[in-house]
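Student: The following block contains the structure, expressed as C-alpha cells.
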C-alpha cells in the first residue's frame with residue numbers, strides 16, 4: 001500500500017472520501033467493495049485523531065435498554081459480531097461486571113430481567129461466528145462474594161451482587177483502522193495520508209471534487225469526483241460551501257472532548273468493571289468503565305465541552321487531576337496518583353444539542369436537501385463500533401445519488417486485511433509451534449495479534465536483511481522489520497506514524513530515547529533522512545507526548561500478560 005499521489009490528480013473518481021478516521025476508512029472500503037472508484041485522503045495520518053483515542057470497547061448496546069432503544073441495540077449487537085468475525089486477531093470478547101445494589105435501578109431483580117431481555121434481543125449474536133473463542137455467552141447474575149473475588153477492593157457497602165455480560169474489546173484501534181484502509185486499497189481504492197483538502201471544486205451548485213495539497217511536498221492537487229463524502233469528524237465545518245460564504249452547517253457542530261486514561265492495573269481476573277460516577281458539578285453522566293488492557297487499565301470516558309481548534313485538543317494537567325479524583329471517588333481502592341497515569345487520550349465527539357452528552361445517533365447529511373448543494377454528503381459519526389454500518393448506509397445513498405443500480409454490501413462478511421483466520425486460538429498455536437522463523441514466543445504472539453494472517457509479510461523482510469530480525473531498542477517484542485514494513489507497505493512517512501500507529505512501541509507509555517533513536521535511524525536509511533530531519537521527527541513525537549498529557553514511562557509488563565487473563569471459576573466459558 002503506497003501513497004497514491006500521482007493518481008489523485010489524474011483520475012475522476014466516483015467518490016472521494018475526505019477524512020481517514022474509522023468512518024472514512026470504512027466508507028472507502030465499503031465503496032471499493034461495491035465496485036466504485038474511490039479516493040481516500042486525510043490531512044494527517046490515518047486514524048491519528050479521534051479514532052486513536054477510543055477506550056477500545058465494542059459495546060453491544062446493553063445500556064440502551066434503559067431508553068428502550070431496541071433499534072440502536074440491534075445495530076450495536078450486529079456490528080459487534082461483524083468486528084469479531086472480520087478482524088478476529090484484533091477484536092476479542094470481553095467480560096463486563098456491573099456491581100448491583102438493592103433499593104436502586106441497579107437492583108439484582110431489575111438487572112436480571114435486563115440481562116434476559118438483552119439475550120433475547122441478541123438471540124442471533126453468534127449465528128455467523130464459527131470461532132468458539134469469539135462467541136458471546138449469555139449474561140447472568142453473580143453473588144456479592146463472587147464480585148469481590150473478581151474485583152478485590154470493590155466497595156462492599158450495599159453490594160447485592162453483580163451483572164455479568166460480554167461485549168468485546170479492540171486490542172489495537174490504530175491497527176484496526178489501518179486494516180480498513182489497507183483493505184480499501186487492496187479492493188482498488190486510491191489512498192493517501194497527509195493530503196489536506198483546501199477547498200471544493202465547484203460547477204455551479206454542484207461539488208465536483210476537492211482542491212487539495214500534498215502536505216509532504218507542497219504539491220497542489222485537483223481531485224475530481226462525481227461525489228464527495230465528508231467524514232472529517234471535528235473538521236466537518238471548516239470549509240464553506242454556500243455561494244455567499246455560509247458554512248456548511250446552519251449551526252456549527254458542537255463537540256465534547258472525551259478523555260480516557262491509561263493507568264496501572266486497577267482491575268483483576270480480566271474483567272472490565274462499570275461504576276456509577278459523578279462529575280465535579282454533581283451531575284451523573286453514567287458509568288465509568290475500567291477495562292483491562294495489556295496488563296494495565298483504560299478508564300473512561302470523561303466528557304467536557306470543547307470550542308477550540310480541533311487540531312489543538314489535548315488534556316490539561318488540571319483536567320487529568322480532576323479525572324483522577326473522579327476515578328478515586330467511584331473506586332476508592334484505586335488510590336490513583338498522577339504518576340500512575342501512563343497516558344491521557346483525548347478525542348472530539350459530536351455533542352447533543354444543548355446537552356453535556358454525546359450525540360446518540362450518527363447522522364448522514366445530504367447537502368442537496370439541506371443546503372441545495374449537489375454532489376456532497378457528510379457523515380457525523382458517534383461510535384467506533386458502528387462505523388462500518390454507517391458507511392454501508394452512506395454508500396447506499398451514494399449509489400442512489402450517482403444513479404447506479406443497488407449493489408449489495410459485502411463488508412459484513414468479508415475479512416479485513418489480516419483477518420482471514422477461521423479459528424484464532426488454533427491459528428496462534430500453529431504460529432507459536434512454527435520453528436521456521438526461530439522467534440521467541442512473545443514476539444510471535446505479538447506479530448499474530450498485530451498483523452493476523454498477514455504476519456509472515458513482516459517476517460519475509462528478515463530474509464532481505466537479517467538485521468531487521470532484531471528487536472527495536474527498548475522493546476521486547478517489536479522487530480526492526482516492522483518499521484520497514486510500515487514504510488514500504490503501510491504508508492508510514494513520519495517517526496510518529498511508526499511509533500504511535502503502526503507498531504506497539506508507545507502502547508504502554510513513553511518510548512525510551514533509545515527506542516526513538518533506533519527507530520529513527522532505521523527510517524533514516526530507508527527514507528534518506530539527514531540529521532536535521534531526524535531531529536525534527538523526534539521533536540514531533542515529543543510534541544505528541546505533551547498532547548497526551550505527558551507519558552511518565554512504560555510499565556514493565558511481560559508480553560504474556562498482553563491478553564486478558566482467564567476469568568475465575570465464577571465465569572465458565574459457554
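Student: Could you tell me whether segment 24-47 includes any residue that is part of a loop (DSSP other than H, G, I, E, B), under 24 Å from residue 300 (Cα atoms), modelled with pLDDT under 95 and outside the structural domain of residue 486 (by TED's automatic domain parsing)? If you could, list the steps in order and put the result at the bottom.
Tutor: Of segment 24-47, the ones part of a loop (DSSP other than H, G, I, E, B) are 34-37, 42-47.
If we keep only those that are under 24 Å from residue 300 (Cα atoms) too, we end up with 46-47.
Now narrow it down to the ones that are modelled with pLDDT under 95: 47.
Now narrow it down to the ones that are outside the structural domain of residue 486 (by TED's automatic domain parsing): 47.
Among the residues of segment 24-47, at least one is part of a loop (DSSP other than H, G, I, E, B), under 24 Å from residue 300 (Cα atoms), modelled with pLDDT under 95 and outside the structural domain of residue 486 (by TED's automatic domain parsing), which makes the answer yes.
Student: Can you report the number of residues in segment 110-123 which are free of Cβ contacts under 8 Å to residues at least 24 places away in the same chain and assigned to a loop (DSSP other than H, G, I, E, B)? If you could, list the steps in order and put the result at the bottom.
Tutor: Narrowing segment 110-123 to residues free of Cβ contacts under 8 Å to residues at least 24 places away in the same chain: 110, 113, 116, 119-120, 123.
Checking which are assigned to a loop (DSSP other than H, G, I, E, B) leaves us with 123.
Of the residues in that region, 1 qualify.
Student: I'd like the full set of residues that are modelled with pLDDT under 55 and more than 29 Å from residue 314 (Cα to Cα), limited to segment 516-562.
Tutor: Passing the criteria: 558, 559, 560, 561.
Student: Out of all the residues in segment 453-461, is one or more part of a loop (DSSP other than H, G, I, E, B), out of contact with any strand residue (DSSP E or B) (no Cβ under 7 Å at 6 or more places or on another chain) and on the phi < 0 side of the Ramachandran plot? Walk me through how you get there before you give the answer.
Tutor: At the first step, the residues of segment 453-461 found to be part of a loop (DSSP other than H, G, I, E, B) are none.
The answer is no; no qualifying residue exists.
Student: Still on this model: Within segment 220-238, take every residue that is touching a helix residue (DSSP H, G or I) at 6+ places or on another chain (Cβ under 8 Å) and modelled with pLDDT of 95 or more and give me the one that is surrounded by the fewest Cβ atoms within 10 Å (Cβ to Cβ).
Tutor: That would be 221.
Student: How many residues are more than 19 Å from residue 448 (Cβ to Cβ) and out of contact with any strand residue (DSSP E or B) (no Cβ under 8 Å at 6 or more places or on another chain) if we restrict to segment 60-103?
Tutor: Residues in segment 60-103 being more than 19 Å from residue 448 (Cβ to Cβ) and out of contact with any strand residue (DSSP E or B) (no Cβ under 8 Å at 6 or more places or on another chain): 19 in total.
Student: Being modelled with pLDDT of 90 or more, outside any helix (DSSP H, G or I) and in contact with a helix residue (DSSP H, G or I) (Cβ under 7 Å, 6 or more places away or on another chain): is that true of residue 408 here? Before you say what the answer is, go through the steps one by one.
Tutor: On the way: modelled with pLDDT of 90 or more: yes; outside any helix (DSSP H, G or I): yes; in contact with a helix residue (DSSP H, G or I) (Cβ under 7 Å, 6 or more places away or on another chain): no.
In short, no.
Student: Quick check on segment 145-185: of everything there that is buried (at least 17 other Cβ atoms within 10 Å of the Cβ) and without any contact (Cβ under 8 Å) to a residue 60 or more places away in the chain, which residue is farthest from the chain's Cα centre (by Cα)?
Tutor: Taking segment 145-185 first, the residues buried (at least 17 other Cβ atoms within 10 Å of the Cβ) are 146-148, 150-151, 154, 159-185.
Checking which are without any contact (Cβ under 8 Å) to a residue 60 or more places away in the chain leaves us with 147-148.
Details: 147: 29, 148: 31 Å.
Per the criteria, the residue is 148.
Student: Going through segment 15-35 one residue at a time, which ones are surrounded by fewer than 24 Cβ atoms within 10 Å (Cβ to Cβ) and closer than 29 Å to residue 487 by Cβ? Show your work before the answer.
Tutor: Filtering segment 15-35 down to residues surrounded by fewer than 24 Cβ atoms within 10 Å (Cβ to Cβ) leaves 33-35.
The one that is surrounded by fewer than 24 Cβ atoms within 10 Å (Cβ to Cβ) and closer than 29 Å to residue 487 by Cβ: 33.
Student: Checking the condition within 30 Å of residue 105 (Cα to Cα), out of contact with any helix residue (DSSP H, G or I) (no Cβ under 6 Å at 6 or more places or on another chain) and touching a residue at least 24 places away in the same chain (Cβ under 8 Å), which residue from 86, 77 passes?
Tutor: None of the others qualify; the one that does is 77.
Student: Quick test of your reading of the structure: residue 1 fulfils all but one of (1) crowded, with 21+ Cβ neighbours inside 10 Å; (2) farther than 28 Å from residue 135 by Cα; (3) in contact with a helix residue (DSSP H, G or I) (Cβ under 7 Å, 6 or more places away or on another chain). Name the failing condition by number.
Tutor: (1)
The values are calculated or read from the model by the stated rules, or taken from the named source; none is laboratory data. What you see is a predicted model; the values in this text were computed from it and never measured. Positions of Cβ are backbone-derived with ideal geometry, glycine not excepted, and every protein chain shown enters the neighbour counts.
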